[in-house]
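Quick one: structure below, then a few questions.
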Amino acid sequence: MTTSPPQLTDAQRERIERALEAVPFAKLLGLKVESVVPGEAVLSLPVRDELKQNHGVMHGGAIASLIDSAMAFAIIPLLAENERTTTVDLTIHYLRALTHGTARSTARVVRAGRRVIVVSAEVFDDKGDLAATAVSTYLRMSANTN
């Protein structure tokens, strides 16, 4: 027996849309949200000249931003309305240079604890080859915490 993944509620969908609108950096980079279900998200980023470093490959910072954003969107549906998160750490292993096409990051929540959320992610190129892996820790915070 197979079960389908949990679907988003209308409130979760709205929160995701608000989050995407609230991050001008995501628009600047050209991040696209491909799919989100509670605990998992897929985001993509076209490899463009503006995102390449001087050797013609996608800059590690652009890949890191793709990963961190995918992780954040995987977490959003798991948060209470009065909660937000902040990244505590992010460890990335770059495995393959990205020179063209679209980078896709799939992020999955490994564990969502009371205070700490652990997330893993993978980045693939257009051919489905693994380009990077990552793990990150997020801290839950109430909305009024600075």
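The values are calculated or read from the model by the stated rules, or taken from the named source; none is laboratory data. None of the values given here were measured: they were computed from a predicted structure. Positions of Cβ are backbone-derived with ideal geometry, glycine not excepted, and every protein chain shown enters the neighbour counts.
Quick grid of which residues meet (1) at pLDDT below 95; (2) aromatic (Phe, Trp, Tyr):
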residue: Ser4; (1), (2): yes, no
residue: Gln12; (1), (2): yes, no
residue: Val23; (1), (2): yes, no
residue: Glu40; (1), (2): no, no
residue: Val57; (1), (2): no, no
residue: Ala62; (1), (2): no, no
residue: Asp68; (1), (2): no, no
residue: Tyr94; (1), (2): no, yes
residue: His100; (1), (2): no, no
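A follow-up question, please. Ile63 versus (1) farther than 21 Å from Val119 by Cβ; (2) part of a helix (DSSP H, G or I): which is the lone unmet condition?
Of the numbered conditions (1) farther than 21 Å from Val119 by Cβ; (2) part of a helix (DSSP H, G or I), the odd one out for Ile63 is (1).
Sticking with this structure for a sec: Taking the residues in the range 8-44 that are touching a strand residue (DSSP E or B) at 6+ places or on another chain (Cβ under 7 Å) and without any contact (Cβ under 8 Å) to a residue 60 or more places away in the chain as candidates, determine which candidate is surrounded by the most Cβ atoms within 10 Å (Cβ to Cβ).
Leu31
Considering every residue within the range 113-124, establish whether at least one is within 18 Å of Val47 (Cβ to Cβ), at pLDDT 95 or above, in contact with a strand residue (DSSP E or B) (Cβ under 9 Å, 6 or more places away or on another chain) and of a type in the set (Ser, Thr, Tyr).
No: zero hits.
If you don't mind, there's one more thing I want to ask. Being hydrophobic (A, V, I, L, M, F, W, C) and over 14 Å from the mean Cα position of the chain (by Cα) is the requirement here; does Val57 meet it? Write out each step before concluding.
Details: hydrophobic (A, V, I, L, M, F, W, C): yes; over 14 Å from the mean Cα position of the chain (by Cα): yes.
Criteria met by Val57.
May I ask you to say which residue of Thr91, Thr102, Thr86 is of a type outside the set (A, V, I, L, M, F, W, C) and surrounded by 13 or more Cβ atoms within 10 Å (Cβ to Cβ)? Full working, then the answer.
Working: Thr91 fails: surrounded by 13 or more Cβ atoms within 10 Å (Cβ to Cβ); Thr86 fails: surrounded by 13 or more Cβ atoms within 10 Å (Cβ to Cβ).
Unique residue meeting the criteria: Thr102.
Residue by residue, here is whether (1) in a helix (DSSP H, G or I); (2) farther than 21 Å from Thr133 by Cα holds:
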{"residue": "Pro6", "(1), (2)": "no, yes"}
{"residue": "Arg13", "(1), (2)": "yes, yes"}
{"residue": "Ala19", "(1), (2)": "yes, yes"}
{"residue": "Leu28", "(1), (2)": "yes, yes"}
{"residue": "Val36", "(1), (2)": "no, no"}
{"residue": "Leu43", "(1), (2)": "no, no"}
{"residue": "Asn54", "(1), (2)": "no, yes"}
{"residue": "Pro77", "(1), (2)": "yes, yes"}
{"residue": "Arg84", "(1), (2)": "no, yes"}
